[in-house]
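The values are calculated or read from the model by the stated rules, or taken from the named source; none is laboratory data. What you are looking at is a predicted structure, and each value in this text was computed from that prediction instead of being measured. Glycine also receives a Cβ, built like all others from the backbone with ideal geometry; neighbour counts cover every protein chain displayed.
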Amino acid sequence: MTRVDALVSQSSGQTPQPGSYEMREMRADDVLIDVAYCGICHSDIHQVASDWGRGNFPMVPGHEITGIVAAVGSEVTRFAVGDRAGIGVLVNSCGECEYCKAGTEQYCPRSVGTYGAVDYDGAITYGGYARQAIARERFVAVIPAGLPLDAAAPLLCAGVTVYSPLRHWGAGPGVSVAVVGMGGLGHMAVKFAKALGCDRVSVLSHSAAKRDDAIAFGADDFIVTSEPGAFKAARNSYDLVINTVSAQLNLKDYLGTLRVGGTMCTVGLPDAPASVGVFDLTARRLALTGSNIGSMAEIEEMLELCADKGILATIETVAADHIAEAFDRVRDSDVRYRFVIDAATIPASDG
Ligand code: NAP
Ligand code: ZN
């Protein structure tokens, strides 16, 4: 086994600090990556804080990983040492259930998260705030030439998490989309909705200062939800609302912005249950639904679209000694629009 330098949360609530972890032995179908960059997803902050229930500590967060292949197991066919590769939110699934067979392994009941999870052999998984990362080949994506490794990293979670529902619910010509919350996921949703040819793309935000950026990302309009009359003016406007907000919202307001038969898909994961008035759904045949990341096939399709159309995350690169500040700024909705850790700044440690 090798020790890998990493940023580690030793206990619940502790911001990741320089340290190391013991990487499991390589398996025949593994790809080992020298991490170049790893995005900071709000899910990392939720999990370090045990927002969704107590996590597995010590924890090395990070599931938006890009880098260069450092070694491959004997059964690996799609990667060689030196290739550009990425790892997202999952590192394993059963491969046998109806969802795995259908290419929707993100809904496999036995899927294994990239960090803080227990793999089939009992090994704890560790994420991408580290110098190296490992996953079985099936969960490693080829990063197309032309996509820089830093601005491509957030595509592995933020990107595909909004790309998947946009595709599933038919975002494209003839469809009007509202994106609620413009952080890491939200800003990618705006870029993808526009690239897919939606008739109208609106941002519903609680941060007035993001207006110019939203328009630059391709939004047709920007609605500040705290302004009086904002929801009234937006009533009956959209076919699809993608909610990326990490906190509780009054769903009634947002459901009101849908047209009859419209769909509100939540990808944001606040720590408490939401409440919805059933009459709000029935009166206008609305659907309230959710979506979990995206499949490896969708990641591939999305990366190709990104390479084709020059779509990337808008990032701020952060060094390992500024993680606490980055976490605070994400919590304050002040990230523009995804922090990406430069793995080269993770210090060597004695463990
Ligand atoms: P983020 O960068 O922090 O963006 C969230 C955005 O929500 C903020 O930028 C802000 O946008 C808005 N917001 C935050 N607090 C708010 C409040 N109190 N009221 C109204 N709006 C608020 O986070 P992210 O990384 O994009 O992740 C967003 C959520 O998705 C998190 O809960 C994360 O865990 C979850 N997630 C889910 C999946 C999945 O598979 N379903 C995958 C990844 C992440 P404005 O300033 O524009 O209002
Ligand atoms: Zn994520």
Discussion item. Suppose the filter is over 19 Å from Gly88 (Cα atoms), of a type outside the set (Asp, Glu) and either in a strand (DSSP E or B) or within 16 Å of ligand 1 (Cβ to nearest atom) (or both); does Gly19 pass it?
Written reply: yes
Worksheet item: Which members of the stretch 305-332 meet the condition of being in a loop (DSSP other than H, G, I, E, B), of a type in the set (Gly, Ala, Ser) and under 18 Å from the mean Cα position of the chain (by Cα)?
Response: Ala313
Worksheet, complete the sentence: For the stretch 48-75, the count of residues that are surrounded by fewer than 24 Cβ atoms within 10 Å (Cβ to Cβ), within 12 Å of ligand 1 (Cβ to nearest atom) and not aromatic (Phe, Trp, Tyr) equals 3
Item to complete: Quick one: in the stretch 209-221, of everything that is touching a residue at least 12 places away in the same chain (Cβ under 8 Å) and more than 9 Å from ligand 1 (Cβ to nearest atom), which residue is surrounded by the most Cβ atoms within 10 Å (Cβ to Cβ)?
Response: Ala219
Item to complete: State yes or no: is Ala287 away from ligand 2 (no atom under 16 Å from the Cβ), among the hydrophobic types (A, V, I, L, M, F, W, C), farther than 30 Å from Lys252 by Cβ and more than 18 Å from the chain's Cα centre (by Cα)?
Response: no
Item to complete: Mind counting the residues in the stretch 234-283 that are over 22 Å from Asp221 (Cβ atoms) and either aromatic (Phe, Trp, Tyr) or part of a loop (DSSP other than H, G, I, E, B) (or both)?
Response: 14
Worksheet item: Is it the case that some residue within the stretch 151-166 is closer than 13 Å to Ala193 by Cβ and over 15 Å from the mean Cα position of the chain (by Cα)?
Response: no
Worksheet item: Scanning the stretch 333-349 for residues that are more than 14 Å from ligand 1 (Cβ to nearest atom), part of a loop (DSSP other than H, G, I, E, B) and not polar (S, T, N, Q), which turns out nearest to Leu312 (Cα to Cα)?
Response: Ile346
Worksheet item: For Gly183, all conditions in the list (1) within 21 Å of Met302 (Cβ to Cβ); (2) within 12 Å of ligand 1 (Cβ to nearest atom); (3) surrounded by fewer than 24 Cβ atoms within 10 Å (Cβ to Cβ); (4) small (Gly, Ala, Ser) hold save one; what is the number of the exception?
Response: (3)
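Yes/no per residue for (1) touching a Pro at 6+ places or on another chain (Cβ under 6 Å); (2) away from ligand 2 (no atom under 16 Å from the Cβ); (3) at pLDDT below 95; (4) in a strand (DSSP E or B):
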residue: Gly116; (1), (2), (3), (4): no, no, no, no
residue: Gly146; (1), (2), (3), (4): no, yes, yes, no
residue: Asp150; (1), (2), (3), (4): no, yes, no, no
residue: Pro173; (1), (2), (3), (4): no, yes, no, no
residue: Ala189; (1), (2), (3), (4): no, no, no, no
residue: Gly197; (1), (2), (3), (4): yes, yes, no, no
residue: Asp212; (1), (2), (3), (4): no, yes, no, no
residue: Ala219; (1), (2), (3), (4): no, yes, no, no
